[in-house]
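K.L.:
Starting off with a structure, shown below.
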Amino acid sequence: MNARVKKLFCLLLFLTSCSHNGSSRDYSDVKTGVFLDYAASYRVNDLSLAEFEKVSRMDGNSSGVNPHAKALKNIEENASRIIAAKIGAKPEQILFTSSATISNNIAILGVAYKNPGCHFISSKIEHKSVLNIFKHLENNGYSVTYLDVDRYGDINLDQLRKSIRPNTKLISIQTLNSEIGAIQNINAIGQIAKDSGVLFHSDGAQAFCKYDIDVNEANLDFFTISGHKIGAPKGVAALYVRDRSKIQPIFFGSGDDLFPGTKSTALMAAFAAAVGNFRFDRAKIDDNFHLLISKLLAIDDIYINSTRPSHIISVSIGGVLLKDVLERMSEYSFSAGCSCIGQGQSNVILAIDPEKKLPSCTIRISFSDAIDSNSLADFAEKLKTTVEQLRQEKDISPACSVDKQKQNSLNQRLQEIQKLLKQEPK
């Protein structure tokens, strides 16, 4: 087989594997178990997906001046009205972006570029998309104060007040922490910011549509929200901007000066549809939070890192290795501390446990109101059984893991060898 024929043969195999009777693969038969990682992403809402498909089939580009463009522009304006109404904002204050990370960058870097060398205040438990921005700014002449948190992630408002300097331009504090579910008092933080003449930004990706947020009551200047956290397709988010004159653009091109480029009208429409159809039964969430906590407390040597009822529960478990728990609990989808396990040790766990007294095995369980109490109880029981089995099988130390079964087999073999050595020669 010559090289050209071989390449054609490989291409044919690839195309065959990617199709079935001329259509895309059906993934409905993929078995993934019970999903308990809603803080990572919600299931796409059917109406949101339908809206995305419908608008995607429309001709045109909303930046044009023809009738097709006008129709798309009307859809975008309607989406802005729906999202703005959810947080007490004006439609023109909603800036659509492609992710919460981009929204955070636009807000924080926008203030930084507007105020060279200024001072910022944040906390030690922010999302990496915020902390990495500040790390970049610190490397480029800016100063940042990172507020301490208590055992359960609450910042100290007195420390916040004392941290404000004459050149402090922005306070950035997450509304609801994505790892341990800590809920900050953003109204109190916003009042401190307003009284001090400092801008206030909050990453509200986990809180939007789930908990009541009013940008005016909280004196928010910037508020980050995410689409896929509430059932919109991945790839769409937004940033509330109270006053565009307070920030400098960080992107350049045609269209919107803060986030230029061709707008994804279909994603914007899908986001608005997700907002309109999102349901979050707070009473059920609270009940299931308390239920799951009570079941988890039946496990010996477990530490609960979440105290306020929310859809996120973090626990640290002694005497087991994280990788073993994940392997044994493969019929459930949950997170290893957070959804960003590949980014190294969690800054959140380090902040709530500076003396490193918590066990290294930390997991995050997050749920929606679609998850029934029986599923959560079953998960807790399975986790308890798994932890007990692992503890029986292995001796865990910070340095190593010794398999007891293998160790016993080795000891038995060594004893047999010793007996043979002691035998007198015939």
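The values are calculated or read from the model by the stated rules, or taken from the named source; none is laboratory data. Values in this document were obtained by computation on a predicted structure and should not be read as measured data. Cβ placement follows ideal geometry from the backbone for every residue including glycine, while neighbour counts extend to all protein chains displayed.
K.L.:
Yes or no: the range 300-312 includes at least one residue that is within 18 Å of the chain's Cα centre (by Cα), over 30 Å from residue 135 (Cα atoms), surrounded by 15 or more Cβ atoms within 10 Å (Cβ to Cβ) and not hydrophobic (A, V, I, L, M, F, W, C).
P.N.:
yes
K.L.:
Within the range 254-266, restricting attention to residues that are out of contact with any helix residue (DSSP H, G or I) (no Cβ under 7 Å at 6 or more places or on another chain) and on the phi < 0 side of the Ramachandran plot, which residue is surrounded by the fewest Cβ atoms within 10 Å (Cβ to Cβ)? Spell out how you get there, then give the answer.
P.N.:
Taking the range 254-266 first, the residues out of contact with any helix residue (DSSP H, G or I) (no Cβ under 7 Å at 6 or more places or on another chain) are 254-257, 260-262, 264.
From what is left, the residues that are on the phi < 0 side of the Ramachandran plot are 254, 256-257, 260, 262, 264.
Values: 254: 9, 256: 16, 257: 13, 260: 14, 262: 11, 264: 20.
Within the range 254-266, the match that is surrounded by the fewest Cβ atoms within 10 Å (Cβ to Cβ) is 254.
K.L.:
Grab the helices (runs of 4 or more DSSP H) fully contained in the range 272-357, keeping just those with 1 or more residues being closer than 22 Å to residue 33 by Cα.
P.N.:
Numbers: elements: 282-296, 322-328, 347-352.
Qualifying helices (runs of 4 or more DSSP H): 282-296, 322-328.
K.L.:
If you scan the range 128-170, which residues turn out to be of a type in the set (D, E, K, R) and either over 20 Å from residue 250 (Cβ atoms) or in contact with an Asp or Glu (Cβ under 7 Å, 6 or more places away or on another chain) (or both)? Before the answer, list the steps.
P.N.:
Kept after step one, since they are of a type in the set (D, E, K, R), are these residues of the range 128-170: 128, 135, 138, 148, 150-151, 154, 158, 161-162, 165, 169.
Within the range 128-170, 148, 150, 151, 154, 158, 161, 162, 165 qualify.
K.L.:
To continue, here is another question. Looking only at residues in the range 181-207 that are of a type in the set (Val, Ile, Thr) and in contact with a Ser or Thr (Cβ under 7 Å, 6 or more places away or on another chain), which one is farthest from residue 170 (Cα to Cα)?
P.N.:
At the first step, the residues of the range 181-207 found to be of a type in the set (Val, Ile, Thr) are 183, 186, 189, 192, 198.
Among the residues that remain, those that are also in contact with a Ser or Thr (Cβ under 7 Å, 6 or more places away or on another chain) are: 183, 186, 198.
Numbers: 183: 20, 186: 14, 198: 6 Å.
Out of the qualifying residues, it is 183.
K.L.:
Scan the range 256-271 for residues that are outside any loop (DSSP other than H, G, I, E, B) and polar (S, T, N, Q) and jot them down. Spell out how you get there, then give the answer.
P.N.:
Looking only at the range 256-271, we keep the residues that are outside any loop (DSSP other than H, G, I, E, B), and these are 265-271.
Matches in the range 256-271: 265 only.
A quick yes/no check of all residues on (1) at pLDDT below 95; (2) farther than 20 Å from residue 228 by Cβ; (3) assigned to a helix (DSSP H, G or I); (4) of a type in the set (Ser, Thr, Tyr):
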position: 39; (1), (2), (3), (4): no, no, no, no
position: 51; (1), (2), (3), (4): no, no, yes, no
position: 60; (1), (2), (3), (4): yes, yes, no, no
position: 63; (1), (2), (3), (4): yes, yes, no, yes
position: 72; (1), (2), (3), (4): no, yes, yes, no
position: 77; (1), (2), (3), (4): no, yes, yes, no
position: 84; (1), (2), (3), (4): no, no, yes, no
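K.L.:
Would you pick out the residues in the range 28-37 that are assigned to a loop (DSSP other than H, G, I, E, B) and surrounded by 12 or more Cβ atoms within 10 Å (Cβ to Cβ)?
P.N.:
From the range 28-37, those assigned to a loop (DSSP other than H, G, I, E, B) are 28-33, 36; that's our starting set.
Answer for the range 28-37, where residues must be assigned to a loop (DSSP other than H, G, I, E, B) and surrounded by 12 or more Cβ atoms within 10 Å (Cβ to Cβ): just 36.
K.L.:
A further question on this structure: Determine if the range 230-245 includes at least one residue that is assigned by TED's automatic domain parsing to the domain that holds residue 188, of a type in the set (Lys, Arg), surrounded by fewer than 16 Cβ atoms within 10 Å (Cβ to Cβ) and in contact with a Ser or Thr (Cβ under 8 Å, 6 or more places away or on another chain). Steps first, please.
P.N.:
Residues of the range 230-245 assigned by TED's automatic domain parsing to the domain that holds residue 188: 230-245.
Those still in the list that are of a type in the set (Lys, Arg) too: 234, 242, 244.
If we keep only those that are surrounded by fewer than 16 Cβ atoms within 10 Å (Cβ to Cβ) too, we end up with 234, 244.
This time we only want the ones that are in contact with a Ser or Thr (Cβ under 8 Å, 6 or more places away or on another chain), so: 234.
Scanning the range 230-245 turns up at least one residue that is assigned by TED's automatic domain parsing to the domain that holds residue 188, of a type in the set (Lys, Arg), surrounded by fewer than 16 Cβ atoms within 10 Å (Cβ to Cβ) and in contact with a Ser or Thr (Cβ under 8 Å, 6 or more places away or on another chain).
K.L.:
From the list 191, 248, exactly one residue is farther than 20 Å from residue 99 by Cβ, assigned by TED's automatic domain parsing to the domain that holds residue 143, polar (S, T, N, Q) and in contact with a Phe, Trp or Tyr (Cβ under 6 Å, 6 or more places away or on another chain). Which is it? So that I can check it myself, show each step before the final result.
P.N.:
Numbers: 191 fails: in contact with a Phe, Trp or Tyr (Cβ under 6 Å, 6 or more places away or on another chain).
The conditions single out 248.
K.L.:
Examine the range 129-145 for a residue that is surrounded by fewer than 22 Cβ atoms within 10 Å (Cβ to Cβ), in contact (Cβ under 8 Å) with a residue 60 or more places away in the chain, polar (S, T, N, Q) and not assigned by TED's automatic domain parsing to the domain that holds residue 356, and state whether such a residue exists.
P.N.:
For the range 129-145, residues surrounded by fewer than 22 Cβ atoms within 10 Å (Cβ to Cβ), in contact (Cβ under 8 Å) with a residue 60 or more places away in the chain, polar (S, T, N, Q) and not assigned by TED's automatic domain parsing to the domain that holds residue 356: present.
K.L.:
Against the condition out of contact with any strand residue (DSSP E or B) (no Cβ under 8 Å at 6 or more places or on another chain) and either on the phi < 0 side of the Ramachandran plot or not in a loop (DSSP other than H, G, I, E, B) (or both), how does residue 225 come out, does it pass? Let's see the steps before the verdict.
P.N.:
Numbers: out of contact with any strand residue (DSSP E or B) (no Cβ under 8 Å at 6 or more places or on another chain): no; either on the phi < 0 side of the Ramachandran plot or not in a loop (DSSP other than H, G, I, E, B) (or both): yes.
No, not satisfied.
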